[in-house]
Each structure stands twice: as structure tokens, then as C-alpha cells.
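Data block below; observations after.
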Amino acid sequence: MDVYADDNYCRKCGNQLVRSKSSPVLKKSEGNRFAVGTFLVAFGGIIAFFSYLMAVVPMLAFGLGSLLIGIMVLYLSESRSLEYDYGADSTIPSLLNVEKLLHDLDLTERGIYLPPTEADMPKVFIPMVLTPSTRKPSLELNKSRRIFVTAGKNPEDRGVLLESPGVGLLSAIERTLGTSLKNLSPESLAASLDSAFKALGIAEATSLSTSDDSMEIQMQLSRIDKAEIRLRNLAPRLTTQIGTSLVSALAVAVSKSTGKYVTLKSAILDESQRRLVVDLKLVS
């Protein structure tokens with residue numbers, strides 16, 4: 001498996017990596033940016049110093065400008081890396097808690113995404129046992145604020161009700177589009193997702209195909225998100241039964257646009273091709 005310079009976890013086993021005390025090896029893009037920034041700082045500093053001694057004001061301004069641009073290049077490179085790591089790392093602990101909950105309760109059934117309303121947060125229901133009541137739980141559960149809920153009158157009609165892991169990304173998609181995804185046709189949904197993911201820098205292309213009771217979404221990702229890889233290693237139940245943040249956002253988007261219950265059948269990620277294929281089951 002490949003290990004990159006900014007990885008904090010092993011891509012194969014999920015164990016935390018400990019950095020060596022030797023100088024880190026930068027990625028090519030980061031190395032180029034560091035070289036350009038260092039050159040501008042050194043060049044600008046030298047020009048500004050000698051221009052000051054010779055009292056050449058235009059060259060002094062040119063040197064100070066190069067110096068400031070170099071500092072900005074170095075600073076912005078570091079800030080971008082820190083922001084990206086923070087965004088990835090901040091989502092993982094909360095999703096790992098969901099993984100622990102699924103494991104401790106020994107829940108093996110796949111989550112059922114309830115068609116969301118505009119007023120309530122999108123919910124996913126994980127049944128303890130599949131029964132007629134838990135296969136298609138009441139939409140009144142959208143208003144529930146409990147974790148352990150009852151979907152029917154029998155003792156076995158129980159399950160766990162969670163907020164969708166993809167709710168944040170779904171909100172970003174709708175803000176980008178400037179409209180809700182509710183009651184869209186499959187063609188309109190495909191066009192909306194493609195436009196939003198391009199604008200957000202998540203995917204270069206998004207396509208959608210449908211059948212009577214399923215929908216397949218194919219995405220050509222712009223990059224592989226580190227949180228996506230870590231969760232597949234560290235949270236196998238969450239990844240398989242509910243989906244990662246990106247997969248969950250797709251499930252909620254489909255449920256919201258079609259008004260149907262949605263269950264994740266599979267989510268296959270090809271890292272080498274940066275390709276994600278999500279297969280969803282739809283129940284009216």
C-alpha cells in the first residue's frame with residue numbers, strides 16, 4: 001500500500017502512524033510551492049536590503065513586495081494543509097462512535113434512510129430485526145429526538161435512529177445550488193449533483209442510472225478524501241450499513257428527491273481510478 005507524507009493512519013490496517021524524527025518528504029506540489037516561496041523571500045530580502053543601502057526607492061518597493069509575496073506563499077501552503085487535516089480529522093471521532101454503537105448492539109441490518117422533510121434533519125433507521133414494521137418505518141420518526149425507537153407494536157419492532165452522517169454535505173450541496181433537492185426527477189437530480197460536486201471540488205463528473213427499485217450513482221472524484229479512506233479501514237460496519245459522509249449524502253439526496261425509503265446496497269471505491277460507484281435500493 002502507498003503511504004503518503006501527510007498520512008496519520010495506515011491505509012491497510014488502520015493503525016496510527018508515528019512520524020520519524022528525520023526531515024519529512026514533501027509531496028511534489030508542496031515541494032514546488034515551498035521552493036518558490038523560499039526563493040521569493042530570499043530574493044526580495046536581498047533586493048530590499050541593497051536598495052535600502054543605495055536609497056533606490058522603486059527597487060526597495062519591488063524587493064519588499066517580493067518578500068511579502070514569498071511569505072504569503074509559504075503561509076498559505078501551511079494553512080491549507082492544516083485546514084484540510086482539521087476538516088478530515090474532526091468528522092472521524094463522531095463517526096467512530098456510531099461504529100462502536102453498531103458493534104456493541106451487534107446490529108447487522110442495513111440502515112434505512114427516511115424521506116426527509118424540510119423542517120427535520122435527515123434520519124437513518126437501523127432495525128434490530130427486519131419485520132414488516134421496520135422494513136418501512138413510519139415517517140413520524142423524523143420528528144423523534146430519541147436514539148432507541150419503536151417502529152411498530154411488537155417488541156421486535158425496535159431499532160436505532162441516527163442523524164444522517166451526510167447531512168452537512170447535503171446542506172452544502174443545496175446551498176451551492178441555491179435550491180432544495182426535494183421532488184426532483186432522476187434527470188434533474190443527476191444534473192444538480194453533477195453541478196454541485198463540481199462547484200465544491202469533490203467530483204469531476206457525476207452520473208446516475210435508475211431501475212424500478214434501485215439507483216446507481218457513479219462519481220469521478222477530483223481527489224480521494226482522507227476521511228473516506230480511514231473510515232473504510234476503521235469503521236467497516238458504518239461504511240457497509242450506513243455509508244461514509246459522501247455516500248450518506250447521496251442516499252439522503254436520492255431519498256429527498258424521490259420521496260422513497262433508501263437503503264445502501266454497496267459503495268465501491270476504486271482509489272487508483274478515483275472512482276466511486278454507489279448502488280442504492282429504493283422502497284416506495
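I need a count of the residues in region 127-142 that are part of a helix (DSSP H, G or I) and either touching a residue at least 40 places away in the same chain (Cβ under 8 Å) or over 27 Å from the mean Cα position of the chain (by Cα) (or both).
Of the residues in that region, 5 qualify.
Quick one: would you say Val98 is touching a helix residue (DSSP H, G or I) at 6+ places or on another chain (Cβ under 7 Å), assigned to a helix (DSSP H, G or I), surrounded by 14 or more Cβ atoms within 10 Å (Cβ to Cβ) and modelled with pLDDT of 85 or more? Even if it seems obvious, please write down each step before you answer.
Numbers: touching a helix residue (DSSP H, G or I) at 6+ places or on another chain (Cβ under 7 Å): yes; assigned to a helix (DSSP H, G or I): yes; surrounded by 14 or more Cβ atoms within 10 Å (Cβ to Cβ): yes; modelled with pLDDT of 85 or more: yes.
So Val98 fits the description; yes.
Across region 240-259, what is the total count of residues that are surrounded by 20 or more Cβ atoms within 10 Å (Cβ to Cβ) and either more than 20 Å from His103 (Cβ to Cβ) or without any contact (Cβ under 8 Å) to a residue 12 or more places away in the chain (or both)?
11
Within region 148-159, is even one residue of a type in the set (A, V, I, L, M, F, W, C), under 26 Å from the mean Cα position of the chain (by Cα) and assigned by TED's automatic domain parsing to the domain that holds Ile242?
No, there is no match, as no residue in region 148-159 is of a type in the set (A, V, I, L, M, F, W, C), under 26 Å from the mean Cα position of the chain (by Cα) and assigned by TED's automatic domain parsing to the domain that holds Ile242.
Quick one: in region 179-206, which of the residues that are part of a loop (DSSP other than H, G, I, E, B) and over 17 Å from the mean Cα position of the chain (by Cα) is surrounded by the most Cβ atoms within 10 Å (Cβ to Cβ)?
Among them, the one singled out is Leu181.
Filter region 219-273 down to the residues that are within 20 Å of Ala199 (Cα to Cα), part of a loop (DSSP other than H, G, I, E, B) and in contact with a Gly (Cβ under 7 Å, 6 or more places away or on another chain) and list them by number.
Ser222
Matching residues to (1) surrounded by fewer than 17 Cβ atoms within 10 Å (Cβ to Cβ); (2) of a type outside the set (A, V, I, L, M); (3) touching a residue at least 40 places away in the same chain (Cβ under 8 Å):
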{"residue": "Leu221", "(1), (2), (3)": "no, no, yes"}
{"residue": "Glu228", "(1), (2), (3)": "no, yes, yes"}
{"residue": "Asn233", "(1), (2), (3)": "yes, yes, yes"}
{"residue": "Leu269", "(1), (2), (3)": "no, no, yes"}
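Could you list, in sequence order, the residues of region 49-68 that are of a type outside the set (Ser, Thr, Tyr), surrounded by 15 or more Cβ atoms within 10 Å (Cβ to Cβ) and under 45 Å from the mean Cα position of the chain (by Cα)?
If the condition is that a residue be of a type outside the set (Ser, Thr, Tyr), surrounded by 15 or more Cβ atoms within 10 Å (Cβ to Cβ) and under 45 Å from the mean Cα position of the chain (by Cα), then Phe62, Gly63, Leu64, Leu67 are the ones that fit.
Taking region 143-173 as the region of interest, how many residues are free of Cβ contacts under 8 Å to residues at least 12 places away in the same chain and either under 19 Å from Thr91 (Cβ atoms) or part of a loop (DSSP other than H, G, I, E, B) (or both)?
Matching residues across region 143-173 total 3.
Failed condition for Ser209, given (1) within 17 Å of Ala267 (Cβ to Cβ); (2) touching a residue at least 12 places away in the same chain (Cβ under 8 Å); (3) not hydrophobic (A, V, I, L, M, F, W, C), with all others met?
Unmet for Ser209, out of (1) within 17 Å of Ala267 (Cβ to Cβ); (2) touching a residue at least 12 places away in the same chain (Cβ under 8 Å); (3) not hydrophobic (A, V, I, L, M, F, W, C): (2).
Mind telling me which of the residues Lys21, Lys12 ends up being exposed (fewer than 13 other Cβ atoms within 10 Å of the Cβ), within 22 Å of the chain's Cα centre (by Cα) and either farther than 30 Å from Glu163 by Cβ or at pLDDT 80 or above (or both)?
Just one listed residue meets the conditions, Lys12.
The values are calculated or read from the model by the stated rules, or taken from the named source; none is laboratory data. Quick caveat: nothing in here was measured; it's all calculated off a predicted structure. All Cβ positions, glycine included, derive from the backbone under ideal geometry; neighbour counts span all protein chains shown.
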